[in-house]
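K.L.:
Once you've had a glance at the structure underneath, I'll fire off some questions.
The values are calculated or read from the model by the stated rules, or taken from the named source; none is laboratory data. Bear in mind the structure is a predicted one, so any value in this text is a computation, not a measurement. So basically every Cβ, Gly included, is an ideal-geometry build from the backbone, and we count neighbours across all protein chains shown.
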């Protein structure tokens, strides 16, 4: 009878596509080769970068109104432009900043918007505005194209600024020619020609600044003058003066007696650099920074190698007084962290291989293990085809998939081996093993896909960062299905048919292990399963209690939460803000003091060795951050400066960044006039400050007053530092109004404002191109006269030509305004930001504390609205998306299981194990001392699909056995039969991540919470599955009998 059944089974097994590929001599290997080729193509073509590309789609609008203060800008420009752009299609958010002489708008669009169309819409909306004030310049509308940093080069030396700038421009052109996508210069000031003429000299020859400016504009010009002879000859009028020497000889006035007055007679003419532009300093010398960037579709490692080639070739011809230094090299971290993950992947692969060779025969384990690189190669091809890159997140996804990818092959291989032991030939055993496990394997893969795939619904920056994980996992699972059904059976057929060298020690060890495992399974484990079924209600109660304890650990704060932890930074920035009116010279002195303090702190904390600091660079006139650092005109302020310090990488130093910052701050000697000093590490990952509180209202004074109260509250909380707001007080303002005498003499506000502006800032007479740059010719009073008391000495020319002292025709008063006014969503807004020490507190605790202490009441009493932005806002949006993704994932899992089991209740028996993953997750984070993070949450959602794989296998086997035996016997026997594959699939997933769990590198710490989630969650859940699922199925049977008995009693 058994021979007949085996014959029928063999005959049935050798039909269908699986059998076709298994017995074909080359088909399986051809598919394998195609998968490997896809991987090679992916590796060659795919970009390498630190994190996945992320960012927001924005268009900026900038409108200049020279001489206007922030209140004038807000009232006359911002409130006119903002309504025109705020309600356009696709606009998500509009932020505006009113500062001295400029209105800036940042229009953020929803993800997926057509940005070319968006740019056109903004341009059209701005062009329709006809009520902008007289004197405003043409609006500048541009779309921000995202680039990422490759590295930064600092060019410095003892040489004239003209020569330093020429070298920097040469280097820039060379790098662009080599293929670097974008190079920006910082500290390369614009060139100007200054024509400084004393007021007395002008009055002596009866000229004004406007007269000289007009004379230059009319004289210094090149004009086309038409064609002669129907185009045979072109006529041009040339007179453009492009140097200070040529301008000195220009005639500005001809006297009645024939004498001529030249510009050199009444003015000092010289080549200068724009004194309001920011500058860079390195070792006390003026320096220029070259910021090298790549487009999102460029390979970071390839471009970095081109920079290496440039530096190695350039150093051979540099003069001895010129230096090129390099810092903020993103690829250094990329190389280190990719190497770190690859070493963990290799270690994980070794652990997985060890587990396979322990649980399976070598002839099976080899081919199951071979499926890992085959599937990974296919996955790399899919990643390239879908526009992904090799980065920290995608590599972590591959490490996570290291154990998952072999689950399908393990189930098929283990079942094929069991069929072989029953007497089937290798071909029939391998085909039958694949065919019989097709339903549970496909169901398990689909449920895992259902768990991970909805994660792509997460929007915002976080969604862009973590989307690599579900994309990688899904690609791996699809490749795994292809490999285990169309490649693996052919290899198993070959493996079980071939004879391998005998390793006696290994065979003996495996025999002992198999005997021990069989004894454990058939005795101790079987008794435990029977006991759990017998006390099934107690078993379920224990699991519920464990779930409640796990929830209590989180709610009670024993396990904290950090939204998105980032690796310890090697870069620190310090920013200073001096009181309004401080000269650039004094600001420079203060930032040099901050630099001195950093060097002293590095020596002290490093035991006299200053090797802790690799590089530092000063920027005067702008604040610095961890982004591009390129300054725009509205960012420039003589009262601000910043310092960038780069330390040795975290794993190469014993001093932690927070320790150095503390020591550095203690060494700084505050200078008179210092308003604010902040020192903070530059954090990677999604943008946004830890604490970002937004107050909205119409009264700017009320906003500032309430902001000061909120800042005082924040400063009282432990672990909170660098508290500041983004609306600083401005300079003292002198308000001039035309008095009655001025009006009687014919002076108007416009006349006075124009002449005073010319006296203070000068009059731009000409702009022309020279050496690929725009040069400005500026006519002005001597810069040395530009002091507050100069207003007492100014004479203004009236309509009739008379010159009157300013003091006689105006009345003056003084006030203090705000240097910036910000709006978002149509309302004036002030942001209070701060950083937190994650070892002391969390964002959630600080925000809860400030709400408890009455921030809402303070704001409401002042008629203001309060909200939270930054990471708190990103966290809220991410969690909302994750909840939706979880619901969709659970619904998808239920649909797959209901289809696979042809039952509405069986999926519940399988899905009951999902909450058990949280038990292990909470206890794992608690035991190892880690906070939950957004990556933990992502892992937990994905875990819901991984956990039920073992449950599917178990329930499928129970349903098969219940047809031939009693329900309890079927449950017990199925649990024993499936113990090996369930433990094996879980062990390989855990083993793949185990090396990362014990990684001590500082750079890997932000990934460990996700590894904890998978390892502890899956480990605990697997143990519970083996007892809870059998107990729950027994409970369902009890309920079924109860309802049947109750129905009978009613009858």
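K.L.:
Can you pull out every residue in segment 163-203 that is out of contact with any strand residue (DSSP E or B) (no Cβ under 8 Å at 6 or more places or on another chain), closer than 30 Å to residue 265 by Cα and in contact (Cβ under 8 Å) with a residue 24 or more places away in the chain?
P.N.:
Hits for segment 163-203 are 198, 201, 202.
K.L.:
When segment 698-751 is examined, which residues are found to be at positive phi and surrounded by 15 or more Cβ atoms within 10 Å (Cβ to Cβ)?
P.N.:
Once the filter is applied, which keeps residues that are at positive phi and surrounded by 15 or more Cβ atoms within 10 Å (Cβ to Cβ), segment 698-751 yields 719, 722.
K.L.:
Filter segment 16-63 down to the residues that are outside any helix (DSSP H, G or I), touching a helix residue (DSSP H, G or I) at 6+ places or on another chain (Cβ under 8 Å) and modelled with pLDDT of 90 or more and list them by number.
P.N.:
Kept after step one, since they are outside any helix (DSSP H, G or I), are these residues of segment 16-63: 24-26, 46-63.
Filter again for touching a helix residue (DSSP H, G or I) at 6+ places or on another chain (Cβ under 8 Å), leaving 24, 46-57, 59, 61-63.
Listed by number, the residues that qualify are 59, 61, 62, 63.
K.L.:
Could you tell me whether segment 73-80 includes any residue that is outside the structural domain of residue 700 (by TED's automatic domain parsing), under 30 Å from residue 457 (Cβ atoms) and in contact (Cβ under 8 Å) with a residue 40 or more places away in the chain?
P.N.:
No, segment 73-80 contains no residue that is outside the structural domain of residue 700 (by TED's automatic domain parsing), under 30 Å from residue 457 (Cβ atoms) and in contact (Cβ under 8 Å) with a residue 40 or more places away in the chain.
K.L.:
Looking at segment 57-64, is at least one residue within 20 Å of residue 731 (Cα to Cα) and either in the same structural domain as residue 115 (by TED's automatic domain parsing) or surrounded by fewer than 20 Cβ atoms within 10 Å (Cβ to Cβ) (or both)?
P.N.:
Among the residues of segment 57-64, at least one is within 20 Å of residue 731 (Cα to Cα) and either in the same structural domain as residue 115 (by TED's automatic domain parsing) or surrounded by fewer than 20 Cβ atoms within 10 Å (Cβ to Cβ) (or both), which makes the answer yes.
K.L.:
Looking at segment 799-819, I want the residues that are on the phi > 0 side of the Ramachandran plot and have a partner that is modelled with pLDDT of 85 or more with Cβ atoms under 9 Å, at least 6 apart or on another chain. Which pairs are those?
P.N.:
From residues that are on the phi > 0 side of the Ramachandran plot, the pairs are 801/206.
K.L.:
Looking at segment 952-966, I want the residues that are in contact (Cβ under 8 Å) with a residue 40 or more places away in the chain and have a partner that is in a loop (DSSP other than H, G, I, E, B) and buried (at least 18 other Cβ atoms within 10 Å of the Cβ) with Cβ atoms under 7 Å, at least 6 apart or on another chain. Which pairs are those?
P.N.:
953/978; 954/978
K.L.:
Being surrounded by 20 or more Cβ atoms within 10 Å (Cβ to Cβ), modelled with pLDDT of 90 or more and either more than 30 Å from residue 818 (Cα to Cα) or outside the structural domain of residue 1002 (by TED's automatic domain parsing) (or both) is the requirement here; does residue 616 meet it?
P.N.:
Yes, satisfied.
K.L.:
Spot the failing condition for residue 976; the list is (1) within 40 Å of the chain's Cα centre (by Cα); (2) in a helix (DSSP H, G or I); (3) within 21 Å of residue 1021 (Cα to Cα), and only one is missed.
P.N.:
Single failed check for residue 976: (1).
K.L.:
Before we move on, is residue 122 in a strand (DSSP E or B) and in contact (Cβ under 8 Å) with a residue 40 or more places away in the chain?
P.N.:
So residue 122 does not fit the description; no.
K.L.:
Would you mind finding the one in 433, 339 that is out of contact with any helix residue (DSSP H, G or I) (no Cβ under 9 Å at 6 or more places or on another chain) and either under 24 Å from residue 949 (Cα atoms) or in a helix (DSSP H, G or I) (or both)? Outline the logic, then answer.
P.N.:
Numbers: 433 fails: out of contact with any helix residue (DSSP H, G or I) (no Cβ under 9 Å at 6 or more places or on another chain).
Exactly one of 433, 339 is out of contact with any helix residue (DSSP H, G or I) (no Cβ under 9 Å at 6 or more places or on another chain) and either under 24 Å from residue 949 (Cα atoms) or in a helix (DSSP H, G or I) (or both), namely 339.
K.L.:
Hey, another quick one. For segment 901-910, which residues satisfy the criterion of being assigned to a helix (DSSP H, G or I) and surrounded by fewer than 19 Cβ atoms within 10 Å (Cβ to Cβ)? Lay out the reasoning, then the answer.
P.N.:
Applying the first criterion (assigned to a helix (DSSP H, G or I)) to segment 901-910 yields 901, 906-910.
Correct list: 908 only.
K.L.:
Looking for whichever is touching a residue at least 24 places away in the same chain (Cβ under 8 Å) and either under 30 Å from residue 207 (Cβ atoms) or surrounded by fewer than 19 Cβ atoms within 10 Å (Cβ to Cβ) (or both) here; the options are 260, 306, 315. Which one fits?
P.N.:
Residue meeting the stated conditions: 306.
K.L.:
Is there a residue in segment 867-874 that is farther than 20 Å from residue 683 by Cα, touching a residue at least 60 places away in the same chain (Cβ under 8 Å), in contact with a helix residue (DSSP H, G or I) (Cβ under 7 Å, 6 or more places away or on another chain) and surrounded by fewer than 15 Cβ atoms within 10 Å (Cβ to Cβ)?
P.N.:
No, that holds for no residue.
Quick grid of which residues meet (1) more than 24 Å from residue 442 (Cβ to Cβ); (2) under 27 Å from the mean Cα position of the chain (by Cα); (3) not assigned by TED's automatic domain parsing to the domain that holds residue 522:
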{"site": "936", "(1), (2), (3)": "yes, yes, no"}
{"site": "945", "(1), (2), (3)": "no, no, no"}
{"site": "955", "(1), (2), (3)": "no, no, no"}
{"site": "958", "(1), (2), (3)": "no, no, no"}
{"site": "969", "(1), (2), (3)": "yes, no, no"}
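K.L.:
Follow-up. So which residues in segment 449-463 are assigned to a helix (DSSP H, G or I) and either within 16 Å of residue 945 (Cβ to Cβ) or touching a helix residue (DSSP H, G or I) at 6+ places or on another chain (Cβ under 6 Å) (or both)?
P.N.:
449, 450, 451, 452, 453, 454, 455, 456, 457, 460, 462
K.L.:
Next question, about the same structure. Please go through segment 114-141 and give me each residue that is touching a strand residue (DSSP E or B) at 6+ places or on another chain (Cβ under 6 Å) and over 30 Å from residue 758 (Cβ atoms), ordered by number.
P.N.:
Within segment 114-141, 115, 118, 119, 122, 123 meet the criteria.
K.L.:
Considering 864, 886, which residue is in contact (Cβ under 8 Å) with a residue 40 or more places away in the chain, closer than 30 Å to residue 947 by Cβ and more than 22 Å from the chain's Cα centre (by Cα)?
P.N.:
When all the criteria are applied, what remains is 886.
K.L.:
Give the residue, chosen from 446, 478, that is surrounded by 20 or more Cβ atoms within 10 Å (Cβ to Cβ), in the same structural domain as residue 984 (by TED's automatic domain parsing) and either touching a helix residue (DSSP H, G or I) at 6+ places or on another chain (Cβ under 8 Å) or part of a helix (DSSP H, G or I) (or both).
P.N.:
Of the residues listed, the single one that is surrounded by 20 or more Cβ atoms within 10 Å (Cβ to Cβ), in the same structural domain as residue 984 (by TED's automatic domain parsing) and either touching a helix residue (DSSP H, G or I) at 6+ places or on another chain (Cβ under 8 Å) or part of a helix (DSSP H, G or I) (or both) is 446.
K.L.:
If you scan segment 639-662, which residues turn out to be part of a helix (DSSP H, G or I), in contact with a helix residue (DSSP H, G or I) (Cβ under 6 Å, 6 or more places away or on another chain) and surrounded by fewer than 19 Cβ atoms within 10 Å (Cβ to Cβ)?
P.N.:
Residue satisfying the conditions is 651 alone.
K.L.:
For segment 64-113, what are the residues that are part of a strand (DSSP E or B) and more than 30 Å from residue 749 (Cβ to Cβ)?
P.N.:
91, 92, 93, 94, 95, 106, 107, 108, 109
K.L.:
Another question, then. Please identify the pairs in which a residue from segment 728-752 that is closer than 16 Å to residue 800 by Cα has its Cβ atom under 7 Å from the Cβ atom of a residue that is loosely packed, with under 14 Cβ neighbours inside 10 Å, counting only partners at least 6 apart or on another chain.
P.N.:
Close Cβ pairs satisfying both conditions: 741/808; 746/799; 746/800.
K.L.:
Further question on the same structure: Can you name the residue in segment 359-390 that is part of a loop (DSSP other than H, G, I, E, B) and out of contact with any helix residue (DSSP H, G or I) (no Cβ under 7 Å at 6 or more places or on another chain) and is also nearest to residue 1004 (Cα to Cα) among such residues?
P.N.:
Result: 389.
K.L.:
Further, regarding this structure: Tell me, which helices (runs of 4 or more DSSP H) wholly within segment 504-620 include 2 or more residues that are touching a helix residue (DSSP H, G or I) at 6+ places or on another chain (Cβ under 9 Å) and closer than 30 Å to residue 331 by Cα?
P.N.:
Working: elements: 504-519, 526-534, 536-555, 584-605.
Because the criterion is at least 2 residues that are touching a helix residue (DSSP H, G or I) at 6+ places or on another chain (Cβ under 9 Å) and closer than 30 Å to residue 331 by Cα, the helices (runs of 4 or more DSSP H) in segment 504-620 that meet it are 584-605.
K.L.:
Quick check, is residue 922 touching a helix residue (DSSP H, G or I) at 6+ places or on another chain (Cβ under 6 Å), buried (at least 22 other Cβ atoms within 10 Å of the Cβ) and closer than 20 Å to residue 1009 by Cα?
P.N.:
Yes: the conditions hold for residue 922.
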